[in-house]
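The values are calculated or read from the model by the stated rules, or taken from the named source; none is laboratory data. Bear in mind the structure is a predicted one, so any value in this text is a computation, not a measurement. We place every Cβ from the backbone using ideal geometry, glycine too, and count neighbours over all the protein chains shown.
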Amino acid sequence: MEYNLLGNTGIKVSKICFGGLTVGPLQKKMSFKEGGEVILEAFNNGINFIDTAELYKTYGHIKYALDNFKRENVVISTKSYAYDRAGAEKALMDALKELNTDYIDVFMMHEQESEHTIRGHYEALEYYMTMKEKGYIRSVGLSTHCVNGVLGAMKYPEIEVIHPIINKNGLGIQDGTLDEMISATKSFRKQGGGVFAMKPLGGGNLISSIDECFEFILNQDYIDSFAIGMQSVDEVQDNINRILGVKSPEDLKSRLINSNRVLNIDEWCIACGECVKHCSHGALKIKDDKLLVDRNKCVLCGYCSSYCKEFAIKII
Ligand code: SF4
Ligand code: SF4
């Protein structure tokens, strides 16, 4: 496994980061034990980096893995939408408690769009900095789907790590092109910032060209690591093989081909439109009292499902 320093943070991370969304209730809905076992498989095979979020509700899965692994050998990144001190304090305390850890390695502001949204979250950022001084957080960062989120991060020296969306097609970039995202991210990296990309497979939408996706992301030399969602031991093994340049056995490949994910809308959807409001990728719309998904825009993040009171939308 290749390990890199995450910018100037002094934190060493594996080239591949376990994307923690997939095992939880927004996607595969695995029990803590089931999901924890998949995470543990990754840890035992050299992946030392895991990313999650307050929203994902996967602290229990990660805790299961940590109960069976050395905490100090794992780098944990999490994130919160909190914008004020009270929200940030709750987010951090919940993370520490539910993960049963004394510190978080990377604490990020979730889905920042520009310097303006960062300014709007500054109270939370100040709190994270205070807690960094006290040793509860090792580094502070942000996640973003926007070029302007990356450019905004460069204006705040407090932000040491970014988690931008980068894949070969630029899928999911909300305010610009792939070239603009790469250029902004390179500039952040040049300043000494840590970069771990997200969604190299476009949230699963680019799975049919997975070889090219990996080739692309592994050639981006300004990226310290990239997070990829994994929901089975097969996926963990295949991803590790790809990093090591080893061909996965044919039976493993065919099992993976047969387990592609899709956003599913159940027949009991009442077309209330609530999920539409929360899809920042513009992939959902209501037409003729029916919820429609634009599968070219959907990055299978599963965020919309957390807003459906009818439990009618999910990644399966
Ligand atoms: S929130 Fe749920 S019920 Fe409402 S449109 Fe979306 S999927 Fe349908
Ligand atoms: S439709 Fe749902 S899963 Fe797809 S991009 Fe929008 S929020 Fe994410």
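Key figures
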{"quantity": "Close pairs (6 angstrom Cβ cut-off, 6 or more residues apart or separate chains): part of a strand (DSSP E or B) in the range 261-280, among the aliphatic types (A, V, I, L, M) and within 6 Å of ligand 1 (Cβ to nearest atom) anywhere", "calculated": "Ile265/Leu291; Ile265/Ile313"}
{"quantity": "Tally of residues being in contact (Cβ under 8 Å) with a residue 40 or more places away in the chain and within 14 Å of ligand 1 (Cβ to nearest atom) across the range 281-290", "calculated": "0"}
{"quantity": "Residue satisfying all of: in the range 291-313; within 9 Å of ligand 1 (Cβ to nearest atom) and not in a loop (DSSP other than H, G, I, E, B); surrounded by the fewest Cβ atoms within 10 Å (Cβ to Cβ) among these", "calculated": "Tyr307"}
{"quantity": "Residue that is crowded, with 17+ Cβ neighbours inside 10 Å, assigned by TED's automatic domain parsing to the domain that holds Lys12, outside any loop (DSSP other than H, G, I, E, B) and not β-branched (Val, Ile, Thr), where the choices are Gly152, Gly172", "calculated": "Gly152"}
{"quantity": "Given (1) assigned to a helix (DSSP H, G or I); (2) surrounded by fewer than 17 Cβ atoms within 10 Å (Cβ to Cβ); (3) out of contact with any Ser or Thr (no Cβ under 9 Å at 6 or more places or on another chain), index of the condition Asn241 fails", "calculated": "(3)"}
{"quantity": "Among the residues listed as Phe188, Phe196, the single one being closer than 21 Å to His110 by Cα, surrounded by 14 or more Cβ atoms within 10 Å (Cβ to Cβ) and in contact with a Cys (Cβ under 7 Å, 6 or more places away or on another chain)", "calculated": "Phe196"}
{"quantity": "Odd one out for Val233, checked against (1) free of Cβ contacts under 8 Å to residues at least 40 places away in the same chain; (2) out of contact with any Leu (no Cβ under 8 Å at 6 or more places or on another chain); (3) in the same structural domain as Thr58 (by TED's automatic domain parsing)", "calculated": "(1)"}
{"quantity": "Of the criteria (1) free of Cβ contacts under 8 Å to residues at least 12 places away in the same chain; (2) within 6 Å of ligand 2 (Cβ to nearest atom); (3) not basic (Lys, Arg), which one Cys301 fails", "calculated": "(1)"}
{"quantity": "Residues of the range 79-99 classified as over 19 Å from Ser139 (Cβ atoms) and exposed (fewer than 13 other Cβ atoms within 10 Å of the Cβ), total", "calculated": "2"}
{"quantity": "Residues satisfying the stated conditions in the range 128-149, i.e. closer than 22 Å to Ile76 by Cα, surrounded by 17 or more Cβ atoms within 10 Å (Cβ to Cβ) and not small (Gly, Ala, Ser)", "calculated": "Tyr128, Met131, Lys132, Tyr136, Ile137, Arg138, Val140, Leu142, Thr144, His145"}
{"quantity": "Members of the range 282-298 found to be more than 20 Å from Pro25 (Cβ to Cβ), near ligand 2 (Cβ under 10 Å from one of its atoms), of a type outside the set (D, E, K, R) and modelled with pLDDT under 90, listed by number", "calculated": "none"}
{"quantity": "Among the residues listed as Glu250, Glu274, Glu267, the single one being surrounded by 13 or more Cβ atoms within 10 Å (Cβ to Cβ) and among the acidic types (Asp, Glu)", "calculated": "Glu274"}
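Listed here are the residues, each with its yes/no results for (1) farther than 20 Å from Val236 by Cα; (2) among the charged types (D, E, K, R); (3) surrounded by fewer than 24 Cβ atoms within 10 Å (Cβ to Cβ).
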residue: Phe49; (1), (2), (3): no, no, no
residue: Thr52; (1), (2), (3): no, no, no
residue: Lys63; (1), (2), (3): no, yes, yes
residue: Lys70; (1), (2), (3): no, yes, yes
residue: Val74; (1), (2), (3): no, no, yes
residue: Ser77; (1), (2), (3): no, no, no
